[in-house]
Structure formats: C-alpha cells, structure tokens
1. Can you name the strands (runs of 3 or more DSSP E) wholly within the range 8-89 that have at least 2 residues being in contact with a Ser or Thr (Cβ under 7 Å, 6 or more places away or on another chain) and in contact (Cβ under 8 Å) with a residue 60 or more places away in the chain?
2. Among the residues of the range 12-65 satisfying the criterion of being at pLDDT 95 or above and among the acidic types (Asp, Glu), which is nearest to His76 (Cα to Cα)?
3. Here are some residues: Lys69, Lys18. Which one is farther than 18 Å from Glu80 by Cα and surrounded by fewer than 16 Cβ atoms within 10 Å (Cβ to Cβ)?
4. Can we say Ile5 is over 10 Å from the mean Cα position of the chain (by Cα), at pLDDT 95 or above, surrounded by 15 or more Cβ atoms within 10 Å (Cβ to Cβ) and of a type in the set (Val, Ile, Thr)?
5. From Val33, Val13, Val48, grab the single residue that is of a type outside the set (Gly, Ala, Ser) and surrounded by fewer than 12 Cβ atoms within 10 Å (Cβ to Cβ).
6. Quick one: would you say Ser74 is under 15 Å from Ala3 (Cα atoms) and of a type in the set (Gly, Ala, Ser)?
7. Hey, can you tell me all the residues within the range 56-83 that are of a type in the set (Ser, Thr, Tyr) and closer than 14 Å to Cys23 by Cα?
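The values are calculated or read from the model by the stated rules, or taken from the named source; none is laboratory data. Since the structure is predicted, the reported quantities are computational estimates derived from the model, not experimental observations. All Cβ positions, even for glycine, are placed from backbone atoms using ideal geometry, and neighbour counts span all protein chains on display.
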Amino acid sequence: MKAVITVIGHDTVGILHKVSGICASRNANVLEVTQSVLQDLFAMFMLVDIRSLSCEFSELSDALTALGKELGLSIHIMHEDIFNSMHRI
C-alpha cells in the first residue's frame with residue numbers, strides 16, 4: 001500500500017529532511033520524491049510505502065500536519081488509491 005504526501009509553502013532549509021524523518025521514524029519508506037522551487041515557493045510530492053507502518057495512518061498524518069503548522073507549510077498525506085481517484089478524468 002502506498003500514500004502520496006504533498007508539501008507546499010515558502011522554501012526553507014531542511015524541508016525534505018524533516019518530512020522524510022517523520023516518515024522514517026514511523027517506518028514509511030520513501031519511494032519517490034519530486035520537488036520544485038519557483039522563486040521562494042516550494043512544492044514537493046512524495047510517494048511512500050506504508051505497508052510496514054509502525055503506527056496508525058492517522059498518527060503519521062497528524063505528525064505531518066503538525067510539522068506543516070510548525071514550518072508554515074501545507075502538508076497532506078492520502079492513500080494512493082484516493083489520490084488516483086481524485087485525479088482520474
């Protein structure tokens with residue numbers, strides 16, 4: 001099972017490190033990362049394998065949301081199936 005993490009906000013040092021650290025601490029394996037910085041706007045998408053999570057999905061989501069609030073970023077996670085359904089035409 002996979003999930004998609006999106007991160008949007010002003011660029012600062014260490015965003016990738018902090019988000020991937022939360023994933024690693026809960027055994028969510030980062031499979032792919034794409035990120036872009038346009039002027040000072042940071043955008044990142046991560047695909048993570050959540051089959052071996054060491055916590056409930058909601059705990060991972062809450063930790064990422066809290067990090068987003070701390071850093072002034074919008075951070076969201078959703079199951080890959082939901083992401084694909086939302087973006088299917």
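1. Strands (runs of 3 or more DSSP E) meeting the threshold: 74-79.
2. Asp62
3. Lys69
4. no
5. Criteria check complete, one pass: Val13.
6. It is false that Ser74 is under 15 Å from Ala3 (Cα atoms) and of a type in the set (Gly, Ala, Ser).
7. Ser58, Ser61, Thr65
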